[in-house]
Amino acid sequence: MRKWLLAAAAIYAITVTGAAAQGYPTRNITMVIPFAAGGPTDTVGRLIAEAMTKALGQTVVVENVAGAGGTRAAGQVAKAPADGYQILLHHIGMSTAPTLYRKLPFNVISDFETIGLVTDAPMSLIGKPGLEAKNFAEVLQYVKTQKDKVSYGNAGVGSASHLCGMLLMSTMGVQMTTIPYNGTGPAMTDLLGGQIDLMCDQTTNTTSQIKGGKVKAYGVTTKTRVKSLSDLPTLDEAGLKGFEVAVWHGLYAPKGTPADVVAKLTAALQAALKDQKVIDRFADLGTEPVAQAEATPAAHKKKLESEIARWRPLIQAAGVYAD
Ligand code: ASP
């Protein structure tokens, strides 16, 4: 009798799980963005969410859960039901947080299913409109003489702008005063208003301001120049030899999300990355979708693991930690 009951329970569990996955999705899906609206992660998320909506036949709704350098949102999704209705778009911060944070309330590997990579966005070093420095050499001079009187905006410990600033300061051997925001969308507003001096941010947020002459631009953080900003030197060319940060983005679901639900999300992501509107907007913003082979759970997991290993010694050498 007991055996029979156990077998029936197992069949019931398989049927229920299978049925849930089969009909998926039957309602809106929430895509959690770990930074404020109007910033670069938000821009990428909204473009992808719109294109995934077409592929999934259900609306992918964007929700901004900003705070703690992007770790608040990751913590929320780590604890969400593993049913595919709450997913997370995050960036390079998922690979730096495990080293930067002494007490991270989630595990980036064991609490998430990877869905696929999305895009690699270059960063750019920009300054407030009235800043006198005309090029990177002059920024360097300015920062070296003014030191902590120079303010640098970032999106909190663990954000890409934090990482870029940390590398800049340790390479230049100078400390600036860091002003944290909930995202670089709001930081850009303050930079435009002259409240902060410098910021390093994805070209997905800075391209139109640079092209419109609204901010000073000093260089991009990739090894080669960015096509849509070809007049702008790389920081490596400008004198910071070997300086390189590109902000990779990936989609995550809570651990235990059924494999066939993850497969549907991966297929929708791949369709979104082939969407002409996404390709064109990404190109305008200085980036491009990853190759289809990268928009897979395995490629994403490999990237996450290798990036954790890559950043750990650099962060440890910089000696920057948060609680
Ligand atoms: N660009 C930000 C960062 O520094 C985040 C954002 O607002 O998208 O990570």
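Remarks
- Residue within the range 276-290 that is within 25 Å of S110 (Cβ to Cβ) and at pLDDT 95 or above present: yes
- Count of the range 292-319 residues which are of a type in the set (G, A, S) and surrounded by 14 or more Cβ atoms within 10 Å (Cβ to Cβ): 3
- Just one of the listed residues (K223, K241, K255, K227) is modelled with pLDDT under 95, away from the ligand (no atom under 16 Å from the Cβ), of a type outside the set (D, E) and in contact with a strand residue (DSSP E or B) (Cβ under 7 Å, 6 or more places away or on another chain), namely K223.
- Check on M52, part of a helix (DSSP H, G or I), crowded, with 20+ Cβ neighbours inside 10 Å and away from the ligand (no atom under 13 Å from the Cβ): yes
- Selection status of G173, more than 19 Å from the chain's Cα centre (by Cα), more than 23 Å from T96 (Cα to Cα) and modelled with pLDDT under 95: no
- Qualifying positions in the range 226-272 - free of Cβ contacts under 8 Å to residues at least 12 places away in the same chain and outside any helix (DSSP H, G or I): S230, D231, K241, G242
A quick yes/no check of all residues on (1) within 16 Å of the ligand (Cβ to nearest atom); (2) surrounded by fewer than 23 Cβ atoms within 10 Å (Cβ to Cβ):
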position	(1), (2)
D111	no, yes
G116	no, no
M123	yes, no
S161	yes, no
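The values are calculated or read from the model by the stated rules, or taken from the named source; none is laboratory data. The shown structure was predicted, so the numbers you read here are calculated from the model rather than taken from an experiment. When we count neighbours, we look across all protein chains shown, and the Cβ atoms used for this are built from the backbone with ideal geometry, even at glycine.
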